[in-house]
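Below is one structure, written out as structure tokens, with a few remarks after it.
The values are calculated or read from the model by the stated rules, or taken from the named source; none is laboratory data. This is a predicted model, so every value here is computed, not measured. Virtual Cβ from ideal backbone geometry, glycine too; neighbours counted across all protein chains shown. Each accessible area value is taken on the protein alone, full model and side chains, heavy atoms only, with ligands, DNA and RNA left out. Shrake-Rupley method; radii C 1.70, N 1.55, O 1.52, S 1.80 Å.
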Amino acid sequence: MEFVDKKWHPYLQLSRVDKPIGSWLLFLPSAWGICAASPHLALPSLPLLFLFGVGAVAMRGAGCTINDMYDVDIDKRVYRTRDRPLASGKLTRSQATLWLAGQLGLSAFILFSLNTTTITVGVMSLGLVATYPYMKRVTNYPQLFLGVTFNLGAIMGYTAASGGVLAIAPLALYTAGISWTMIYDTIYAHQDKKDDALLGLGSTALTFGEKTLSACSKFTSIMGLALAVAGISASMAPSYFVLSFISCAMILRGLNTVDLDNPASCWEFFIMNRNIGLLIMLACITGRII
């Protein structure tokens, strides 16, 4: 951000450009789908990966903007979020609305350059994106709703790369992604569990409580099973299964060392998941070419 004029910094902070981990976690499931749909002995489409990468940054930014517009009053009362641009007064709601329109416009431009099946799934996801910020007010499982929303890219990436064909593999990858989100976002939510409890907001960190690590271990098992189903249905090479197993083992190791009462430890576990997602992406690539 140091290369951008300072007047744009609040906008970039509103979109969390200074914290790219969220864009990675949104992009990677779509990359799995693109790579899994690649023809046998062929590398994935680089133009598609680029388009989905730019789209992930734009849509993640739009989602963060919507979230902060909804949560501005809550953010003012939470230590970790009180310096966000809207909560701190660096940006007005009107400025945020115009910024949101620009991000959605870029996302729409990318989406409508894809095939009809992918466009349909993308348009359907907009309702989920818009309503997600409300979920912590009405359910104890907002992380599940986030997983359903965040991982639609696994299906969209696959249909974009396959010419609109839908199969078992992307659905299995979607299931794996939802389980993955339940793991990393539950650990992430432990950073705010005291504030969430005081404000009456729901989260799986509060719902699972002392059983968080056990629950996340079970979600890791579901994730591993779903990855295996995706690999079998897509006729992946053995390298895919080896790397998928390693990715799940890395999660279990992280769960064994994370301190749920230490926000820094929870954040470290959370950002580790970029490498987990990249490893699964590598599994999908090698599974098609080896």
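A few remarks follow.
- Computed [θ] at 222 nm, deg cm²/dmol, the chain (DSSP H ≥ 4; -39,500 (n - 2.57); rounded to nearest 500): -24500 deg cm²/dmol
- As a rough guide to protection, the peptides 55-64, 127-136 ranked by mean Cβ packing within 10 Å, highest first, stand as 55-64, 127-136.
- Alpha-carbon centroid distance for the pair segment 100-124 / segment 23-94, whole angstrom: 14 Å
- Solvent exposure of the chain, expressed per residue, is 47 Å² of accessible area, with all protein chains present and a 1.4 angstrom probe.
- Share of Cα-Cα pairs in segment 154-290 lying beyond 20 Å, as whole percent: 48 percent
- A straight chain from Tyr79 to Asp5 at 0.36 nm per residue would run longer than the Cα-Cα distance by 23.9 nm.
- Accessible area of the chain belonging to carbon and sulfur atoms, whole % at 1.4 Å probe: 66 percent
- Of the DSSP H helices in the chain, those with a Cα length along their own long axis of 27 Å or more and a mean Kyte-Doolittle hydropathy reaching -0.5 comprise 46-75, 168-189, 212-233, 238-257, 263-289.
- Partnerless cysteines, meaning none of the other Cys C-beta atoms lie under 4.7 Å away, in the chain: Cys64, Cys216, Cys248, Cys266
- Unit charges at the beta carbon, dipole of the chain: most positive-side option, Ser88, Leu279, Leu41: Ser88
- Whichever aspartates and glutamates have a C-alpha closer than 19 Å to that of Lys136, once near sequence neighbours (fewer than 8 apart) are set aside: Asp68, Asp71, Asp73, Asp75, Asp185, Asp192, Asp195, Asp196
- Binned Cα-Cα distance frequencies in the chain - 10 Å width, integer %: 7, 29, 35, 23, 7, 0
- Judged by the mean number of other Cβ atoms found within 10 Å, the most tightly packed of the peptides 256-264, 32-40, 72-80 leads the ranking 32-40, 72-80, 256-264.
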